[in-house]
1. Report, by chain and number, residues whose modeled amide H sits under 5 Å from the one on VAL352, excluding near sequence neighbours (fewer than 5 apart, same chain).
2. Sticking to Cα atoms, compute the Rg of the range 132-174 to one decimal and its Dmax as the biggest Cα-Cα distance, whole number, in Å.
3. On the principal axes of its Cα set, how long, how wide and how thick is the range 244-330? Give whole Å, largest value first.
4. Give me the one-decimal Kirkwood hydrodynamic radius in Å for the range 190-288, with the sum taken over alpha-carbon pairs.
5. Counting just the Cα atoms, what span does the range 76-213 cover along each of its three principal axes? Round to the nearest Å and put the largest first.
6. Per Stokes-Einstein, at 20 °C and 1.002 mPa s, what whole-number D in µm² s⁻¹ belongs to the chain, with the Kirkwood radius over Cα pairs as the hydrodynamic radius?
7. Quick one: which residues, 5+ away or cross-chain, put their amide H under 5 Å from the amide H of GLU303? H built at 1.01 Å from N.
8. Would you pull out the residues with amide H under 5 Å of PHE31's amide H, same chain only if 5 or more places away, H placed 1.01 Å from N?
Amino acid sequence: TEGDRTMKVQTIKVELAETLKAKPNGAHLDFGTIFTDHMFLMDYKEGEGWYDPRIVPYQSLTLDPAAIIFHYGQTVFEGLKAYITEGGEVQLFRPEKNFERLNHSNDRLCIPHIDEQFALEALKQLVEIEKDWIPTEEGTSLYIRPFIIATEPYLGVAPSKQYKLMIILSPVGAYYKEGINPVKIAVENQYVRAVLGGTGEAKTAGNYAASLMAQEVVSKDGFAQVLWLDGVEKKYIEEVGSMNVFFKINGEIITPALNGSILQGVTRDSVIQLLKHWGLPVVERRIAMAEIAEAYESGTLEEAFGTGTAAVISPIGQLTWEEKDLIINDGKTGEISKKLYDTLTGIQYGKVEDPFGWTVKV
Ligand code: COI
């Protein structure tokens, strides 16, 4: 309801940890294995709205085993990053887009809206407290995971009357073991990730749970991820699951148009804006996998890459479809991928000018 959208100004209680954990070696960071000393929490109860915002020592939760999240997966999440500049300033990249998208996902999952501005303020306070956890090594950052879970103990299938919003932080390196080198991707022909009218556009756990099986099958053959085709005809390209995808064919850069089952990536949007800013032809449209294969055969498939917060810009060196291996740009990082990676990370780490006003200081 309208009343849920804004909350009365509340102060965030802060309880600091008595002992702090040792910080990891920034040169050997994996993705998402280490968590910082503190977390943000806030509760929701029907009739009361969101209440008790607090920053507390990172800790386990106690939940009723009947909590709706465990049974029916009513949950949403986000992913964004904090960076430290050479001058020691802490900055976030387009964080308002993530909280806006969180509310978009909330709508689809029947979860009450959060106050986006308040959530951003809470995040800034948490990151300020944890700023010593932001790694400084090239390609590293502090990954931020806001998420909401349905906590009401109830076995009926209905929207929960109680929720928890949490934000946890994790110092991370590259998402793929390949780092920033090209990854191998398998086009998925059997399973689908999402269908029109489903939850594909929402950032919700079920989409990721649905992706595991296909991923398991191909990872044995050294593929980093699968590329999902549309859930109706299994013809048109959707996304990878941890990233959106772009193809350069005959000088033109093409990405699947948002159709309701593709996640609206913040990095995807940033890449489109950057390409336009450089005067390069970029189009969002429906694109069939057969068209990619044809371009490959005729020698006009010049580059392919994925975009995501976790993945940043990830060049695709090989795409395997129906037993055929499409080796793209000799399996090497393409020119556009490299330029996008350098510019985007340059803006994020405060090394290059940010003409779009994308970064937000903490
Ligand atoms: C991200 O890029 O932040 C994501 O949420 C993708 C993934 C780690 C699930």
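1. Correct list: ILE347.
2. In order Rg, Dmax, the Cα atoms of the range 132-174 give 16.4, 49 Å.
3. Computed over the Cα atoms, the extents are 32, 27, 23 Å.
4. On the way: mean 1/r = 0.0704 Å⁻¹.
Averaging 1/r across every pair of different Cα atoms and inverting gives 14.2 Å.
5. 52, 40, 23
6. Values: Rh = 21.4 Å.
For the chosen part, D equals 100 µm²/s.
7. Amide H neighbours of GLU303, under 5 Å, 5+ apart: LYS248.
8. Placed amide hydrogens put GLY173 under 5 Å from PHE31.
No value in this document is a laboratory result; all are computed from the given coordinates. Not measured: the values here are computed from a predicted model. Every residue, glycine among them, receives a Cβ derived from its backbone with ideal geometry; neighbour counts consider all protein chains shown.
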